[in-house]
Every structure is written in C-alpha cells, then in structure tokens.
Amino acid sequence: MTALGAIITNAHSVSPSESIARMARALGAYGTDDTSQEGGEGWALARLLCRLTPEDHYDQQPLPLSGGSARLLFDGRIDNREDVLSALGRDVADASEWADSNLLAMAIEEWGVADT
C-alpha cells in the first residue's frame, strides 16, 4: 500500500513544500516503512510506503521521467512482470531488484504514456 500526495499550483500564496509536508504527516499511518518528498517551483510530491511485496523494498519514488522534466508516482502492482519485461527486451533476472514503479517508468519511457 502506498499513500501518494501531489500539489501543483501557480498560486504564489501557497507553498507546495510546506503543504506536502502537512499532507505527508496526515497520511503517515498509511505509509509506515518509508517516506520521500520532492518539489520544485509550484509543485510538490510525496510518497509514503507500506511494503507489501518483495519489490516494494526497492521502491524509490517519485521517479524522474523524460530526462527529469516529469515525475512518476505509482500506487499499483504489476502482476505480469515477466510479460512486460519480455516486451521491453529485458531479462527477468536483471529485474529482481526493480520495484514495479521502475518497471512502469521503463515502459513509459519506451512506449509513451498512452501505449503503456
């Protein structure tokens, strides 16, 4: 289970970093194993992780996409990892320490959002 938070604003009266910190504190009970936050001008993201699958131990979100111009937050599970890895031309053994979010990020980079 993952709790995700995102704030995107162009309002100068709102501090995304302060707001996401408050949101992360409020969601803390849902992500007791790890917390990460990232922000920039007008945006902030938080991921609070409760590890449920072996792959969750490698989760390092938010993940950069498109050379760093976008970020990925993912709360989901890929049950057909082998099929996705095969379609990406990757070896299953190489992916043993990849979180599902990493696999999704690779698919988006390879095929784009719509085709993924």
For residue 34 and residue 15, extending 7 Å from Cα along the Cα-Cβ vector and measuring point to point gives, in nm, a value of 2.8
Once every DSSP H run of n ≥ 4 in the chain is given -39500 (n - 2.57) and the sum is divided by its residues, what mean residue ellipticity at 222 nm do you get, rounded to the nearest 500 deg cm²/dmol? -8000 deg cm²/dmol
Angle check, please: helix 16-27 long axis (alpha carbons) against the longest principal axis of the chain (alpha carbons), in degrees 0 to 90, nearest 10. 70
Between the range 61-116 and the range 1-54, how far is it from one alpha carbon centroid to the other, in angstrom? 21
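Rounded to whole Å and sorted largest first, what semi-axes of the equivalent ellipsoid does the C-alpha gyration tensor of the chain yield via the square root of 5 times each eigenvalue?
Numbers: eigenvalues 153, 63, 17 Å².
Those come to 28, 18, 9 Å.
Roughly how many Å² is the accessible area per residue of the range 1-50, as a whole number, for a 1.4 Å probe?
Details: 2880 Å² over 50 residues.
Spelled out: the 1.4 Å probe surface of the range 1-50, per residue, equals 58 Å².
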Answer with one residue from 42, 28, 65: the one whose Cα lies farthest towards the positive end of the charge dipole of the range 25-85, charges on Cβ with Lys, Arg +1 and Asp, Glu -1. 42
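How would 35, 2 line up by accessible area, probe 1.4 Å, largest first? Mind dumping the intermediate values first?
Working: 35 70, 2 25 Å².
Greatest to least solvent exposure: 35, 2.
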By accessible area (1.4 Å), largest first, 71, 81 order as 71, 81
For the chain, give the percent of accessible area contributed by carbon and sulfur heavy atoms, probe 1.4 Å, rounded to a whole number. 47
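How large is the charge dipole for the chain, taken about the Cα centre, if only the Cβ atoms of Lys, Arg (+1) and Asp, Glu (-1) carry charge, to the nearest 20 debye?
On the way: 8 positive and 19 negative charges, 119 e Å.
Rounded to the nearest 20 debye, it is 580 debye.
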Using θ = phi - 60° and the Karplus curve 6.51 cos²θ - 1.76 cosθ + 1.60, what whole-Hz ³J(HN,Hα) does each residue of the range 105-113 get, with Gly and Pro shown as x? 4, 4, 5, 5, 5, 7, 10, x, 5
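Sorted by accessible area (1.4 Å probe), largest first, how do 96, 69, 36 line up? Write down the numbers at each step before the final one.
Values: 96 80, 69 100, 36 25 Å².
I get 69, 96, 36, largest accessible area first.
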Can you tell me which of 31, 68, 76 moves the most in a GNM of the chain? Springs connect C-alpha atoms under 10 Å apart. 68
Quick one: what are the phi-derived ³J(HN,Hα) couplings along the range 3-15, Karplus 6.51/-1.76/1.60 with θ = phi - 60°, whole Hz, x for glycine and proline? 9, 10, x, 9, 10, 10, 8, 10, 7, 6, 7, 10, 9
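The values are calculated or read from the model by the stated rules, or taken from the named source; none is laboratory data. On a predicted model such as this, the values are computed, not experimentally measured, just so you know. All Cβ positions, even for glycine, are placed from backbone atoms using ideal geometry, and neighbour counts span all protein chains on display. Just so you know, the surface numbers come from the protein's heavy atoms only, side chains and all, with ligands and any DNA or RNA stripped out. Shrake-Rupley method; radii C 1.70, N 1.55, O 1.52, S 1.80 Å.
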